[in-house]
C-alpha cells in the first residue's frame with residue numbers, strides 16, 4: 001500500500017480509548033459475557049438468591065444442561081456461589097458474589113447503550129441491506 005493510501009484509511013494521530021498491549025484478561029471476560037446465557041442468568045441472580053428450577057423458569061429457552069454449564073462456569077470464575085442443603089430432595093441455591101454484582105454494572109451499561117442506539121443500528125442495517133450488501137463480503 002502506498003503511504004497516501006494508508007493516510008486515507010488510518011486516522012492520523014488518534015489515541016486509542018482502550019489499550020491492551022499485554023495479556024490483560026479481557027478474553028476471559030469476553031468469553032464469559034459473550035456466551036448465550038450468562039447475561040440472562042446474571043440478571044436473574046442480581047435480584048437475589050435463586051434455586052436451580054427457579055432460574056430455569058426465569059430464563060426462557062435454557063435447557064437444564066446449559067443452565068448447569070453456565071452456573072458452573074460462573075462459579076469457577078468466582079462470580080456465583082453455590083450452596084447445597086442436605087435435604088430430600090437436595091436443595092441448591094445460587095447467588096452472585098461481590099464480583100458478580102459488580103459485573104451487573106457492565107451489563108446495565110451495555111443494555112443502556114443498546115437501548116440508546118437500537119434505532120440507529122436498525123436504520124444502518126436497513127440501509128446496508130438496501131444497497132444489496134447483506135449477502136457477504
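Worth a mention:
- Any helices (runs of 4 or more DSSP H) falling wholly within region 47-137 and containing at least 2 residues that are at pLDDT 95 or above, more than 24 Å from residue 25 (Cα to Cα) and in contact with a helix residue (DSSP H, G or I) (Cβ under 6 Å, 6 or more places away or on another chain): 52-58
- Failed item, numbered, when residue 49 is tested on (1) touching a strand residue (DSSP E or B) at 6+ places or on another chain (Cβ under 6 Å); (2) more than 14 Å from residue 101 (Cβ to Cβ): (2)
- In this entry, residue 73 passes the filter for residues that are in contact (Cβ under 8 Å) with a residue 40 or more places away in the chain and surrounded by 15 or more Cβ atoms within 10 Å (Cβ to Cβ).
The values are calculated or read from the model by the stated rules, or taken from the named source; none is laboratory data. All values reported here derive from a predicted model rather than from experimental measurement. Here the Cβ is made from the backbone with ideal geometry for all residues, glycine too, and neighbour counts use every protein chain on show.
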